[in-house]
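The next block holds one structure in the form of structure tokens; read it before the comments.
The values are calculated or read from the model by the stated rules, or taken from the named source; none is laboratory data. Note that the structure is a prediction, hence the values are computed from the model and not measured. Note that each Cβ is placed from the backbone with ideal geometry, even for glycine, and that neighbours are counted across all protein chains shown.
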Amino acid sequence: MYTAVLTIHSWMRWVTLFAALGATLNAFRTPLATDEKLPGRMWDTLFMAAVDLQVLFGLLLYFGLSPFTKEAMENFGAAMKNGGLRFWAVEHLAGMLAVIVLVRMGRIMGANARPLQKARTRRLVFFTLAVLVMLASIPWPGLSNGRPLFRI
């Protein structure tokens, strides 16, 4: 079960990053004077859905399947002194939870802002921050906690 969920979580990273980049690039679009709603809201929804699915699989790993978090939870103090365990127990989780908040804030604050130019700016700021935090929290290959780009 661990391997299956980890593989799905790993591949979902690419879907989530694609949706994140699409939503962020879309937020650069300037609304036309005739627009009543922000253009490209489908990208916002796709981004939010991808993040939600990614978090679901991540939480399954975190709270039951991952041997790294199991080990960290057994002795949390010792885990904080071990960079590898600390990354999985705190840093990765905190970064990705921040992404959820940023995506939601960007979506809600963008949807409720008037004029549309203000909504565009809010989406752009929050989505850009979410992408940066996401990129910083991913265990890229070559890092001490790195994982393969494509898990098979």
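Observations on the structure shown:
- Restricting the range 26-47 to residues that are among the hydrophobic types (A, V, I, L, M, F, W, C) and under 19 Å from the mean Cα position of the chain (by Cα), the residue that is surrounded by the fewest Cβ atoms within 10 Å (Cβ to Cβ): Met42
- Of all the listed residues (Phe127, Phe150), the sole one being in contact (Cβ under 8 Å) with a residue 60 or more places away in the chain, aromatic (Phe, Trp, Tyr) and in a helix (DSSP H, G or I) is Phe127.
- Filter result (aromatic (Phe, Trp, Tyr), touching a residue at least 40 places away in the same chain (Cβ under 8 Å) and in a helix (DSSP H, G or I)) within the range 15-56: Phe47
- Hey, Gly110 assigned to a helix (DSSP H, G or I) and at pLDDT below 85 or not: yes
- Matching residues in the range 98-107 - criterion: being exposed (fewer than 15 other Cβ atoms within 10 Å of the Cβ) and in contact (Cβ under 8 Å) with a residue 24 or more places away in the chain: none
- Scan of the range 84-103 for residues that are within 17 Å of Lys70 (Cβ to Cβ) and of a type in the set (Gly, Ala, Ser), ordered by number: Gly84, Ala89
- Looking across the range 48-85 at every residue that is at pLDDT below 90 and buried (at least 17 other Cβ atoms within 10 Å of the Cβ), the one that is nearest to Ala4 (Cα to Cα) is identified as Ser66.
- Hits in the range 59-97 (condition: small (Gly, Ala, Ser) and touching a residue at least 60 places away in the same chain (Cβ under 8 Å)): Ser66, Gly83, Gly84
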